[in-house]
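Have a look at the structure below, then the notes.
The values are calculated or read from the model by the stated rules, or taken from the named source; none is laboratory data. Since this is a predicted model, take the numbers as computed values, not measurements. Here the Cβ positions follow ideal geometry from the backbone for every residue, glycine too, while neighbour counts run over all protein chains shown. To get the accessible areas, we keep the full protein, side chains included, count just its heavy atoms, and leave off ligands, DNA and RNA. Shrake-Rupley method; radii C 1.70, N 1.55, O 1.52, S 1.80 Å.
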Amino acid sequence: EAEVAQSPRYKITEKSQAVAFWCDPISGHATLYWYRQILGQGPELLVQFQDESVVDDSQLPKDRFSAERLKGVDSTLKIQPAELGDSAMYLCASSLDLSGRNEQFFGPGTRLTVL
Amino acid sequence: SQKIEQNSEALNIQEGKTATLTCNYTNYSPAYLQWYRQDPGRGPVFLLLIRENEKEKRKERLKVTFDTTLKQSLFHITASQPADSATYLCALESGGSYIPTFGRGTSLIVHP
């Protein structure tokens, strides 16, 4: 069964360092999402792509976060510089296209710890 | 402001009973509402979707209701099992916005 791949699974970094997360969605899925999830909270949408275009990044802290999906397939989320408050689970998800009628398929996530 | 509310307190029930979880929302007009299951340290897994013009949806032991007047969805698990213990998240979007929003989830603990 096709799955969303994410790497790394775990990342420990010191504040002010740069970190990058990678996501490979299910083949054929046009829509890709990056979420941040703090323990005890629901996933918070950071950025949403339709193919290579950004649909929404209103919750992305653009002074330190960036995301790209250059060829409309895999995607990278970067944080530079990392801050203590960035410690969280970063989830990537994909769906067939833009619509609430389509289920989202989530990857296993990247657990980030900033020291 | 827009808000999705799920009970932050864990729901504890005995095996074999029906678990009922609630998702309330304000200032949304969702065309669709989805329920997901999340186990510790893992990504959410899709369970059910219900449309605004549907009142009820079933899948095996799962049932979802959607009341757009009350602005509420109920998620039921019948004949609950310890393996059903997890956090259950509701997610919705307003028609046309394409931007999904998740609730904080409710933890379900099924005791043998």
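Summary of values
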| read-out | value |
| --- | --- |
| Criterion (farther than 30 Å from residue B:57 by Cβ, more than 9 Å from chain B (Cβ to nearest Cβ), out of contact with any Gly (no Cβ under 8 Å at 6 or more places or on another chain) and touching a residue at least 12 places away in the same chain (Cβ under 8 Å)) met by exactly one of A:46, A:115 | A:115 |
| Single residue of B:43, B:103 found to be of a type outside the set (Val, Ile, Thr), touching a residue at least 60 places away in the same chain (Cβ under 8 Å), in contact with a strand residue (DSSP E or B) (Cβ under 6 Å, 6 or more places away or on another chain) and within 9 Å of chain A (Cβ to nearest Cβ) | B:103 |
| Yes/no for residue A:38 being hydrophobic (A, V, I, L, M, F, W, C) and open to solvent by 70 Å² or more (accessible area, probe 1.4 Å) | yes |
| In the stretch B:67-85, residue farthest from the other protein chains (Cβ to nearest Cβ) [restricted to those that are open to solvent by 10 Å² or more (accessible area, probe 1.4 Å) and touching a Leu at 6+ places or on another chain (Cβ under 9 Å)] | B:78 |
| Count of residues meeting criterion [among the β-branched types (Val, Ile, Thr) and free of Cβ contacts under 8 Å to residues at least 60 places away in the same chain] in the stretch A:76-112 | 1 |
| Of all residues making up the stretch B:55-112, the number that are outside any strand (DSSP E or B), over 21 Å from residue A:99 (Cβ atoms) and of a type in the set (A, V, I, L, M, F, W, C) | 3 |
| Count of residues meeting criterion [among the aliphatic types (A, V, I, L, M) and open to solvent by 40 Å² or more (accessible area, probe 1.4 Å)] in the stretch B:28-66 | 1 |
